[in-house]
Amino acid sequence: MTTPLPRRLALAAIIASCGLYSSASAGELFLLGYVNYSYAEDSSDDGQVVVGTDPLAYWYWTQQTGVVRVPNTIPPGNGVGGQARVTADGTRMTCTTNNPDTTKGEATIYHIDTSQYQLLGSFGFNCDAERSGAWGMSPDGNHVVGLAWNTGCSAKGFDWNAATNVITPLGTTYFYKPTRANAVSDNGNVIAGWADDYNGWRQGAVWNKNASGAFVVTNLSAIPAGATTAVKMSEAGAVSGNGQWVYGIGRSDFYGGAAWRWSVATGVQAITPAPVTGNGYVVAANNDGSKVLTFYGMMGYAGSYLWSTERGYVSLPTLAQEAGVVIPDGWILNLPLGMSEDALTIVGTASGPGGTSPFILNLRPSAPACNADINNDGSVDGNDLATMLSGWGGCVLGGQCDADLNSDGVVDGNDLTTLLSGWGICP
């Protein structure tokens, strides 16, 4: 079902303190402001739409709108789970809203472009305030995965398929034990998550769709170097878009806690050499698994990294520096949580001198400066031409000569040509 609701509710506490940090023609860093427990969690493919949660609501962000809280959404906490995920084109995002028939939280797709809410369903039961919660979504929005509740507060991972509009439970070999799905491949055929064993260990799990359309679970385990007994891997949190690779949290007795990946062909592989000591967490991967977003240590305080097949682990501060982005003193981009397909937009939560803030690290070069806009009013027009003509000729030594666009010490025909070629609204 879809229900229209008012579209915007500005998050004034964030917008009032938003910051942009970059150099000319460089990338950009947006710090959205001090709001504790606010997380930027996913990005559209072009980096133009970012989604997240704060203690009051799910939200989305664009550079034009700033942060916009989605009305009537229920953020994670107080018996409700879920994460914000956005489609590749930035038009839809996952969230939780109350089903009006049950007054319980239910996995929902919010259509940013039309302000519509689409409830995804449940198994007919709730635990506390929640019936179901979305944790992952395919880039086209045709598959949503997460957790839904069965009788007796029994958690079950699920797959929702837009083609059928049905939530399907995901099985487990640990009967009567809970499961959750965290991520899904682009075509919906591979799902990553966890399955609790009989001792309560949250084991990494993969559900692969077989030829008959049923999901078959594989519980992930591996033999550490020098050992003869397999250990159960920690939960899986990401899957490459093509479904080849599944990624998860490291454990100290498997290659010192290095983040890991798994495929049908290779089994579990540690992503080594690990950049630091501590457990690694994988939060996002691109389509072919050639770029993987990770952090190490609890809440990322041992470092945040982009791993690639070309360069291995590269820290976020290094990537920012290479893109010409200046990270303000006292700030650490410690908790990356999502990225665009090309890994040129990385989002998460940063720690600063006064608390934490969602961040958006844009590694794309910014638009070229509008050099001919002499009066900086956003357009090149007659006002700029008048300024240039009034300053025609040689510049005064040591003085301001804003109309000398090519900085050759004189305002002449070359500068006039530059001004006329840039005539109109600045990009």
Output the peptides 338-348, 401-411, 207-217 sorted from most to least packed, where packing is the average of other Cβ atoms within 10 Å over each peptide's residues.
338-348, 401-411, 207-217
Shape of the range 379-425, Cα gyration tensor, a/c cut at 1.5:
prolate
Where the only charges are on Cβ atoms (+1 Lys, Arg; -1 Asp, Glu), what is the dipole of the chain about its Cα centre, to the nearest 20 debye?
2040 debye
Packing-wise, with mean Cβ within 10 Å as the measure, how do 190-199, 307-316 rank, highest first?
190-199, 307-316
Among A302, S115, C153, whose Cα projects farthest towards the positive end of the dipole of the chain, with charges put on the beta-carbon of Lys, Arg (+1) and Asp, Glu (-1)?
C153
Pick from A84, A227, A162: which is most flexible by mean-square fluctuation in a GNM of the chain where alpha carbon atoms under 10 Å apart are linked?
A227
Taking only C-alpha pairs under 8 Å that are 6+ residues apart, what is the relative contact order of the range 379-425 in percent?
45 percent
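How large is the helix-only mean residue ellipticity at 222 nm for the chain, computed as the sum of -39500 (n - 2.57) over DSSP H runs with n ≥ 4, divided by its residue count, in deg cm²/dmol to the nearest 500?
Values: 4 runs with 29 residues, N = 427.
Computed ellipticity for the chain at 222 nm equals -1500 deg cm²/dmol.
Normalising by the residue count of the range 2-362, find the relative contact order in percent from Cα pairs under 8 Å and 6+ residues apart. Can you show the working numbers first?
On the way: 1062 pairs, mean separation 51.4, N = 361.
Relative CO of the range 2-362 lands at 14 percent.
Compute the signed sum of charges (Lys and Arg +1, Asp and Glu -1) over the other residues within less than 13 Å, Cβ to Cβ, of N99. Display every interim value, and only then the final one.
Numbers: positive: K104, R131; negative: D101, E106, E130.
Result for the neighbourhood of N99: -1.
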Can you tell me the equivalent ellipsoid semi-axes for the range 2-362? Use √(5λ) from the Cα gyration tensor, largest first, whole Å.
29, 27, 17
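Bear in mind these aren't lab numbers, they're just calculated from the coordinates by the rules spelled out. Just so you know, these numbers come straight off a predicted model, no measurement behind them. We place every Cβ from the backbone using ideal geometry, glycine too, and count neighbours over all the protein chains shown.
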